[in-house]
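Where a number appears in this text, it was derived from the coordinates with a stated rule and is not lab data. What you are looking at is a predicted structure, and each value in this text was computed from that prediction instead of being measured. Reconstructed Cβ throughout: ideal geometry from the backbone, glycine too, with neighbour counts over all protein chains shown.
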Amino acid sequence: MLFIALLLFPLPLLSFEVAKPQYFTPVTDYTSTLTHSEQSYINSRLNHFYDSTSNQIVVILLDRFEGDIGSVAQSIGERWGVGDSNFNNGVVILIKPQKGREGGELFIATGYGVEGALPDAICKRISEEEMIPHFREGNYFKGIVEGLNVIEPIVAGEYSYQKYIENQGNPLIAPIIIFALVALFIYRSSRKRSRPYSVAKGGFPFFIPFNSGFSSNRGSSQGSPFRGRGFGGGRFGGGGAGGRW
Amino acid sequence: MKSKQKTNFALIAIAVVALLFLWGKSGYNRMVKLDESLSTAWSQVENVYQRRADLIPNLVATVKGYAAHESETLQAVVDARAKATQTNIDPSNMSTSQFEQFQSGQQELTQALGKLMVVVERYPELKANENFRDLQVQLEGSENRITVERQKFNEAARAYNTEIRSFPKNILASLFGFEKRGYFEAKAGADEAPVVTF
């Protein structure tokens, strides 16, 4: 019976597995596209974003995968549990860099809770207008940062996507944001040598023991001192959009 | 001596009954839980199909403005939508034939939409229209969501069916009237996301 059941339910989405990091890790680059310092910039930026807003955004770069990029991004989000399990406020940015003749692909997958703030059409727009132009030139870091510049405030609820559409083409805002973020980054990294997981909000370093009972902390994490360092169990329903170049 | 045996027997009987009760209780509660999650998954499936259906009037209106000649294709979409939204299923009482009817209705709509999306390729002005492009993205997103929710429903149905059909819980299940539920079959092409490429 079980055998028949297995035959009837091939799980195409699960056939592709990307190992889940043990702790919340914003950047996973399997393609060696980003330099170490670029990765640590994005890591510290998204860790900070998570600390201050509870939204988890992950950026994943893969050379190859099976199937449609949208379903791969969705299944990574779901399996890793990106975002909080109550708010489902995770975002997965999956990038397949261009390699030789093979075109590149990008998908911004939104958790259930982010679908309203970041509708598919906006994901598409952000992909095509903020990120892919830089990817096309081979500047992946810049594309990711430009994308995050727009995604972060929308996901955090600082401004709505309608405002983003209105502001599009306004050349003043982006440089100001970038300047502020670079300044923030320099300030932050001057205060600590960037060790991705080592600094809690209050600024004291703590160490996460390996194989700690992390998963059991999930869900009931209020007041747990480890709140914020694991994936939250957020779920994804196939929202989001992307593009190719 | 005899009375002692009797009390022993009575104690054992009570213990057995108590154990049976506990087993039945936990088994029953688990089935209820799986049943509930199956219903939730089903309502999500209906939601995403509804979401797609809701896009269609706007889509048809937009396409009409640019491609009035394609009234036949457009009418097919409208008809398929009307048919697909007719079938409503009560998740707690889902018969296989109802389920198949629902599936085939949605499948027809998928095909009609697919044809429409092929036809619009001939209208560059339409394809450049911002409103239409947003609709295309939303439609694509709906299809993605449909794939995901169908898959999640199938997983829930599998968990439920496995639970109620495995021995000895099947006795409990038939006692309380838990029945096997349908799922989305992976027929050729039916489980694949409808291809809507642009």
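One chain, two ends: A:LYS99 and A:LYS20. Fully extended at 0.36 nm per residue, the span grows by 26.0 nm beyond their Cα-Cα distance. Each of A:LEU62, A:LEU181 was scored by other Cβ atoms within 10 Å of its Cβ. Listed from fewest to most, they are A:LEU181, A:LEU62.
Residues B:ASP35, A:ASP120, ranked from the fewest to the most other C-beta atoms within 10 Å, line up as B:ASP35, A:ASP120. Fully extending the segment from B:SER166 to B:LYS180 would add 3.9 nm, taking 0.36 nm per residue of separation and subtracting the current Cα-Cα distance. The value of relative contact order for region B:74-129, using C-alpha pairs under 8 Å at least six residues apart, is 40 percent. About its Cα centre, the dipole of region B:54-110 is roughly 120 debye, where the only charges are +1 on Lys and Arg Cβ and -1 on Asp and Glu Cβ.
Axis angle, to the nearest 10 degrees, between helix B:96-119 and the longest C-alpha principal axis of chain B: 20 degrees. When restricted to Cα atoms, region B:1-107 yields an Rg and a Dmax of 27.5, 98 Å, respectively. Counting every pair of alpha carbons in region A:16-59, the share spaced more than 15 Å apart comes to 44 percent. Between A:SER85 and A:ARG188, the FRET efficiency estimated from the beta carbon spacing at R0 = 22 angstrom works out to 0.20. Across region B:81-189, the mean sequence separation of Cα contacts (distance under 8 Å, 6 or more residues apart), normalised by length, yields a relative contact order of 25 percent. Modelled this way, with points 7 Å down the Cα-to-C-beta line, the labels at B:SER97 and A:ASN167 are 5.8 nm from one another. Cross-link check: pairs B:LYS25/B:LYS152; A:LYS124/A:LYS163; B:LYS83/B:LYS115; A:LYS142/B:LYS127; A:LYS96/A:LYS124 evaluated at a Cα-Cα cut-off of 20 Å; pairs beyond the cut-off: B:LYS25/B:LYS152; A:LYS142/B:LYS127. Applying the criteria of a DSSP loop state and at most 14 other Cβ atoms within 10 Å to the chymotrypsin sites (Phe, Trp or Tyr not before Pro) of region A:82-164 yields A:TYR159. Judged by the ratio a/c of the largest to the smallest principal axis of the C-alpha gyration tensor, region A:120-160 counts as oblate, that ratio being 1.5 or greater while a/b is no larger than b/c. Normalised by the number of residues in region B:1-143, the mean separation of alpha-carbon contacts (under 8 Å, six or more apart) gives a relative contact order of 28 percent.
Per-residue Karplus couplings for region B:83-90, computed as 6.51 cos²θ - 1.76 cosθ + 1.60 with θ equal to phi - 60°, are listed in order as 5, 5, 7, 6, 6, 10, 10, 7 Hz, Gly and Pro entered as x. Spacing of the modelled spin labels on A:ASN139 and B:SER104, each 7 Å from Cα toward Cβ, amounts to 5.7 nm. Only helices enter this figure: runs of n ≥ 4 DSSP H residues, each worth -39500 (n - 2.57), summed and divided by the residues of chain B, yield -27000 deg cm²/dmol at 222 nm to the nearest 500. Applying D = kT/(6 pi eta Rh) to region A:23-169, where Rh is the Kirkwood radius over alpha-carbon pairs, T corresponds to 4 °C and eta to 1.567 mPa s, the Stokes-Einstein value obtained is 85 µm²/s.
Between A:HIS36 and B:ILE89, the FRET efficiency from the beta-carbon distance, with R0 = 41 Å, is close to 0.15.
Per the Debye calculation on region B:70-113 with a single equal scatterer at every Cα and no solvent contribution, log₁₀ I(q)/I(0) for q = 0.18, 0.23, 0.27, 0.31 Å⁻¹ amounts to -0.51, -0.71, -0.86, -1.01.
Sorted largest first, the spans of the alpha carbon positions of chain B along the three principal axes are 99, 27, 25 Å.
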